[in-house]
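Worksheet for the structure shown next.
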Amino acid sequence: MDMTGKGVVITGASRGIGEATARMMAAAGAQVALLARNGDAVAEIAGEIGPNALAIPCDVARYWEVEAAISAAAREFGSLDVVINNAGVIEPIASLADSDPDAWSQVIDINLKGVFYGMRAAIPQMRKGGTIITISSGAAHNALESWSHYCTSKAGAAMLTRCAHRENPGLRIMGLSPGTVATQMQHEIKASGVGPVAALEWEDHIPADWPARALMWMCSADADAFAGEEISLRDADIRARIGLGA
Ligand SMILES: NC(=O)c1ccc[n+]([C@@H]2O[C@H](COP(=O)([O-])OP(=O)(O)OC[C@H]3O[C@@H](n4cnc5c(N)ncnc54)[C@H](OP(=O)(O)O)[C@@H]3O)[C@@H](O)[C@H]2O)c1
């Protein structure tokens, strides 16, 4: 897919799915803004990508930072065409009764309010159209032991996708549930030793390039029919359509 001339913002681009997506979309011609708290990491990746990449240190749990970053990217690129709400955390994994209330709330601030902040800042800048994709999870739809913070935040983010689509039918607003992906988040889940996902082997996870390819495809007209919906990479038909292995 050719993304020449497209202005793209990706949150959580300092590693994992966000980094892979930034590299792939820039290689396809897009201008890409990489947002994350680790400013050194995004600067390093943007430097490797080249002049089409912009690194912006940003904590998605702070609206003013998200708003400033999205405005800066739109100004720099001349248009804002794609926003990928990808930033997310799973730690601290703990049973609800043992959880630290502040730490539990911080996950909501990042995984749920961070997605709202991205949509809130981007939608007014996308009056001529555009695509907003939020990374969802099987945990949005399934209760998993010691993941109450994560499941709740992802369920809320999935509903935000539906609400934003209802209010903005002129935009392409979707969710992507990637399945399990070989990133730092899976190392953290494995280390917790809790629940069915921690029991998986590393080989069970798909590489970060797969959701990156899915996200690129979701920016194309071929995915128009999925506006307002969540796409799952566990779906064999979807994988085949994107050209990913079984
Ligand atoms: N890996 C999986 O199996 C899996 C499955 C389903 C869904 N997901 C979702 O996929 C997304 C990406 O995760 P990943 O697997 O690529 O994990 P990862 O490698 O741990 O990357 C998470 C990214 O989010 C960023 N981030 C975390 N908190 C942030 C904050 N407050 N502000 C800005 N950026 C923040 C991190 O950068 P900094 O720390 O530098 O801020 C990092 O770039 C997440 O939403 C995750 O929930 C992952």
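The values are calculated or read from the model by the stated rules, or taken from the named source; none is laboratory data. What you are looking at is a predicted structure, and each value in this text was computed from that prediction instead of being measured. Virtual Cβ from ideal backbone geometry, glycine too; neighbours counted across all protein chains shown. For the accessible areas, the whole protein counts, side chains as well, though only heavy atoms, and no ligand, DNA or RNA atoms are used. Shrake-Rupley method; radii C 1.70, N 1.55, O 1.52, S 1.80 Å.
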Amide H within-cut-off set for residue 230, under 5 Å, with H built and near neighbours excluded: 175
Residue-normalised accessible area of the range 163-223, expressed per residue, 1.4 Å probe, Å²: 46
Contour minus Cα-Cα distance for residue 241 and residue 63 (0.36 nm per residue): 60.5 nm
Contact order normalised by residue count of the range 21-127, Cα under 8 Å, 6+ apart, percent: 25
5 angstrom amide H check on residue 206, placed H, neighbours 5+ away: 180, 181, 182
Calculated from backbone phi, Karplus (6.51, -1.76, 1.60) coupling profile of the range 7-23 in Hz, x at Gly/Pro: x, 10, 10, 10, 8, x, 9, 7, 5, x, 4, x, 4, 4, 5, 4, 5
For residue 67, solvent-accessible area (1.4 Å; no DNA, RNA or ligand), Å²: 70
Mean-position separation - Cα centroids, the range 18-85 and the range 177-246, in angstrom: 21
Cβ crowding within 10 Å averaged over residues, with 93-101, 121-129 ranked highest first: 121-129, 93-101
Residue 128 versus residue 76: modelled label distance in nm, points set 7 Å from Cα along the beta carbon direction: 2.0
By accessible area with a 1.4 Å probe, ligands and nucleic acids excluded, highest first: order of 230, 76: 76, 230
Nearby lysines by direct alpha-carbon distance to residue 113 (threshold 19 angstrom, same-chain neighbours under 8 apart not counted): 154
Normalised contact order of the range 157-246, rounded percent, pairs of Cα under 8 Å and 6 or more residues apart: 37
Exposure rank, largest accessible area first [4, 161; 1.4 Å]: 4, 161
Ranked order, 24, 3 - accessible area, probe 1.4 Å, largest first: 24, 3
For the range 40-48, Karplus couplings with θ = phi - 60° (6.51, -1.76, 1.60), whole Hz, Gly/Pro x: 5, 5, 5, 5, 4, 5, 4, x, 5
Cα gyration tensor category, rounded, prolate or oblate, for the range 64-186 with a/c compared to 1.5: prolate
Proximal lysines to residue 190, defined as alpha-carbon separation beneath 17 angstrom and excluding residues fewer than eight positions away on the same chain: none
Accessible surface of the chain, 1.4 Å probe, proportion on carbon and sulfur as whole %: 51
Whole-number D in µm² s⁻¹ for the chain, Kirkwood Cα-pair radius fed into Stokes-Einstein, 4 °C, 1.567 mPa s: 73
For peptides 189-197, 48-56, sequence by mean Cβ density within 10 Å, most packed first: 48-56, 189-197
